[in-house]
1. What net charge is computed for the residues neighbouring Leu40, neighbours being all others with C-beta under 11 Å from the C-beta of Leu40, Lys and Arg scored +1, Asp and Glu -1?
2. Can you tell me which of Ala111, Ala157, Ala30 moves the most in a GNM of the chain? Springs connect C-alpha atoms under 10 Å apart.
3. Calculate, for His59 and Arg90, the FRET efficiency according to 1/(1 + (r/R0)^6) with r their C-beta to C-beta distance and R0 22 Å; round to the nearest 0.05.
4. Take every DSSP beta bridge whose two residues both sit in region 20-167, then give the antiparallel share in percent to the nearest 5.
5. Return the label of the correct value of log10 I(q)/I(0) by the Debye sum over Cα atoms at q = 0.11, 0.12, 0.16, 0.20 Å⁻¹, as calculated from the structure shown, out of (i) -0.61, -0.68, -0.98, -1.30; (ii) -0.46, -0.54, -0.94, -1.40; (iii) -0.64, -0.74, -1.09, -1.39.
6. What is the sum of charges, Lys and Arg at +1 and Asp and Glu at -1, for the other residues whose Cβ falls under 13 Å from the Cβ of Asn83?
7. Given Pro31, Val156, Gly74, which one lies farthest toward the positive end of the charge dipole of region 20-167, if we put +1 on the Cβ of every Lys and Arg and -1 on the Cβ of every Asp and Glu?
8. If I build a Gaussian network model for the chain, linking alpha-carbon pairs within less than 10 angstrom, which residue out of Leu43, Leu27, Leu139 has the largest mean-square fluctuation?
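Taken together, the values in this text are just the output of simple stated rules run on the coordinates, not laboratory data. Keep in mind that what you see is a predicted model, and the values were worked out from it rather than measured. When we count neighbours, we look across all protein chains shown, and the Cβ atoms used for this are built from the backbone with ideal geometry, even at glycine.
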Amino acid sequence: MAGVRVRRADELRRSRRARSHSCWGHLILAPLWAQHGANLGTLLRTCDAVGACMAVPPHDWVGPALRRGNTVPGRSCIHRTGNPVRWLERERDAGAHLIGVELAEGATRLADLPIARRRTVVVLGHERTGIGESVLDVLDDVVEIPMVGRGASLNVAVSGSLVAYKLAGLV
């Protein structure tokens, strides 16, 4: 590709926001049942990239996993949920749109997912068991990521990143 010029890191930094945000609040990724701490660090990078916050469950291993996985300088916007189901109910009652990433009947295909126009929480389940039945009842919508391979699903970090970019309008 003749004539292509790669932008340097300092040029990219100058073209983006001047400092870390405290809470944009418009888009929140919620890996509330993630199995592997490495997924939280990857999702935290995605949150920074798309201007989202992250909601995390109240487990002892979450803090160290976030510190270990956070390679983005500055503070990240992290919401501590306490009880995940009650936190989701409070978010819904406050007007947030709750979208689960799950293989479910009647789910919206990722390609058809519209840009988030209001506060939206992306609920990500456990890598093996998905989102529990009691939580599915709380959700407003479910999005499905189509796959043609043999696997049944993607890991939490990959699926959350794909949905976040789509909801943020960046793809």
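1. +3
2. Ala111
3. With a Förster radius of 22 Å, E is 0.70.
4. 5
5. Recomputing log10 I(q)/I(0) by the Debye sum over Cα atoms at q = 0.11, 0.12, 0.16, 0.20 Å⁻¹ here picks out (ii).
6. Net charge around Asn83: +1.
7. Gly74
8. Fluctuation is largest for Leu139.
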